[in-house]
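This report refers to the structure that appears directly beneath it.
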Amino acid sequence: MSDAITETAAAAPVWHVTEEHSHEHGGSGPTILGFWIYLMSDALIFASLFAMFGVVSTSFAGGPQPRDIFDLPLVALNTAFLLASSITFGAAIPHIEQGRVGPTRAWLAITGLLGAAFVGIELYEFAHLFAEGATPQRSAFLSAFYTLVGTHGAHVTVGLIWITVMLVQVGQRGLIPENRRRLMCLSMFWHFLDIIWIGVFTFVYLFGVIR
């Protein structure tokens, strides 16, 4: 009887969880969940900024109004740059999943260039507004405008730094599980910024000009 039990135990499959498998899947879930929590907290920050802008959006204090200072075609072009960068980042996702380093870095670089163009045009817009005397202290409307748009621009700048770091890390270490996880978080962050900008373009620029 004991011999039969021994033979059955020896024939039973033994499952082993390797260190690599445990590290890859055990750390991914908490990381993604934690990043979702961060994005929700960031969304609350932008929601408060949108609410503030909505309250003071007509407080011009005798200063310039949106239709007087906003260059809508330029802002539309800038919007196209950021939305295109979201598309190029999306094009990198299949290559990330398949472990293709070269195409991944190429699409990330294109995304970074489009994001840099967005930030550059935004800085040009701010400089032009300052030259016309439309500074933050001119009115509550302008203070809220610079705070909301500037906060978004700062986030895009952080995203550009993150893209640069990932380009270096992927070039040095390849698409290891850690880098894939970081790229997935970066993708969520970048698409989140696109969604926020659609709100900025619609409620700040478009409604401001046609109001």
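Structure data summary
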{"item": "Taking the chain and dividing mean pair separation by its residue count, relative contact order in percent (alpha carbons under 8 Å, at least six apart)", "result": "31 percent"}
{"item": "Accessible-area order (highest first, 1.4 angstrom probe) of the listed residues 210, 196", "result": "210, 196"}
{"item": "1.4 Å probe accessible area per residue over the chain, in Å²", "result": "53 Å²"}
{"item": "Note, ³J(HN,Hα) from phi for region 47-53, Karplus 6.51, -1.76, 1.60, rounded to Hz, x at Gly and Pro", "result": "4, 5, 5, 4, 4, 4, 5"}
{"item": "FRET efficiency, 1/(1 + (r/R0)^6) with R0 30 Å, evaluated for residue 178 and residue 151 via beta carbons", "result": "0.55"}
{"item": "Magnitude of the charge dipole, the chain, Cβ model with Lys/Arg +1 and Asp/Glu -1, debye to 20", "result": "560 debye"}
{"item": "In order through region 83-97: 3J(HN,Hα) via Karplus (6.51 cos²θ - 1.76 cosθ + 1.60), integer Hz, x for Gly, Pro", "result": "5, 5, 5, 5, 5, 5, 5, x, 5, 7, 4, x, 5, 4, 5"}
{"item": "Inter-label distance, nm, simple model (7 Å from Cα along the C-beta direction), residue 56/residue 164", "result": "3.2 nm"}
{"item": "Largest-first ordering by accessible area, 1.4 Å probe, given options 38, 124, 146, 205", "result": "124, 38, 146, 205"}
{"item": "Whole-Hz ³J(HN,Hα) from phi, Karplus 6.51 cos²θ - 1.76 cosθ + 1.60, for region 175-188, glycine and proline x", "result": "8, 6, x, 5, 5, 4, 5, 5, 5, 5, 5, 4, 4, 4"}
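The values are calculated or read from the model by the stated rules, or taken from the named source; none is laboratory data. None of these values were measured; they are calculated from a predicted model. So basically every Cβ, Gly included, is an ideal-geometry build from the backbone, and we count neighbours across all protein chains shown. Just so you know, the surface numbers come from the protein's heavy atoms only, side chains and all, with ligands and any DNA or RNA stripped out. Shrake-Rupley method; radii C 1.70, N 1.55, O 1.52, S 1.80 Å.
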